[in-house]
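The structure appears right after this line, and notes come after that.
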Amino acid sequence: MAKETAVAQEGEVKKKGKGKLIGIVLAVVLAGVGAKFTVLSGGKAGKGGKATPAASPAPTPGPVIDLGDLTINLAEQSRYALVGLAVELGKTANPETITAQMPLLKDASVRKLSGMSAATLLSQAGQDQVRAELTDQAQQIFGKDAIVRVLLTEVVVQ
């Protein structure tokens, strides 16, 4: 009887194969994204239920500078992307100084984006990765207090 049940279940699994596989992959991706946000948000409890120490406080947000659109050749042949970028400055940042040095960040953005595939750039996880990496790059160029974050204002892939 156990063999009959196993054979019946195996037949159902084969019939539902693609749908079930998509559901499993979706559940794993959602769990990974949830875990990422929990880790990045500095979850309330660390190992053993103890509170984790807070990271250095984020700079207070200030004005936003629009960097315009970049047209990028993607890693795949004959694929292009139009990516709009903006930078949110910290309250202590001097917008005139930062604006004068924005070509440095545009160059870093072109290098980062040109190595990406269209599928990665179109995915939410890929866009989050781009934001995080460009924010890190901008903070290295201008200082952590000067740049709060880099924003993607537009993403179009052809």
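Which far-off residues, 5 or more places away or on another chain, put their amide H under 5 Å from the one on THR153, with H placed in the peptide plane?
Long-range HN contacts for THR153: GLY84, LEU85, ALA86.
What does the C-alpha gyration tensor say about the overall shape of the stretch 108-158? Classify as rounded when a/c is under 1.5, otherwise prolate if a/b is larger than b/c, or oblate.
Note, shape of the stretch 108-158 comes out prolate.
With every protein chain left in place, what is the accessible area per residue of the stretch 74-135 in square angstrom, probe 1.4 Å?
49
Find how much the distance from ILE141 to ALA125 grows on full extension, using 0.36 nm per residue of separation minus their present alpha carbon separation; answer in nm with one decimal.
The span from ILE141 to ALA125 would gain 3.3 nm if fully extended.
How long is the gain from VAL64 to THR153 if the chain were fully straight, where each residue apart is worth 0.36 nm and the alpha carbon distance is subtracted?
That works out to 30.9 nm of additional length.
Taking the stretch 62-158, which trypsin sites (Lys or Arg not before Pro) meet the DSSP loop condition and have no more than 15 other C-beta atoms within 10 Å?
Passing sites in the stretch 62-158 are LYS91, LYS144.
Stretch VAL110-THR97 to full length: gain in nm at 0.36 nm per residue minus the Cα-Cα span?
Numbers: separation 13, 0.36 × 13 = 4.68 nm, distance 2.13 nm.
Result for the pair: 2.6 nm of gain on full extension.
Once neighbouring chains are kept in place and the probe is 1.4 Å, which whole percent of the accessible area of the stretch 101-158 is contributed by carbon and sulfur?
50
The values are calculated or read from the model by the stated rules, or taken from the named source; none is laboratory data. In this text the structure is predicted, and so the values were computed from the model without any measurement. All Cβ positions, even for glycine, are placed from backbone atoms using ideal geometry, and neighbour counts span all protein chains on display. Heads up: the accessible areas ignore ligands, DNA and RNA and are worked out on the full protein's heavy atoms, side chains in. Shrake-Rupley method; radii C 1.70, N 1.55, O 1.52, S 1.80 Å.
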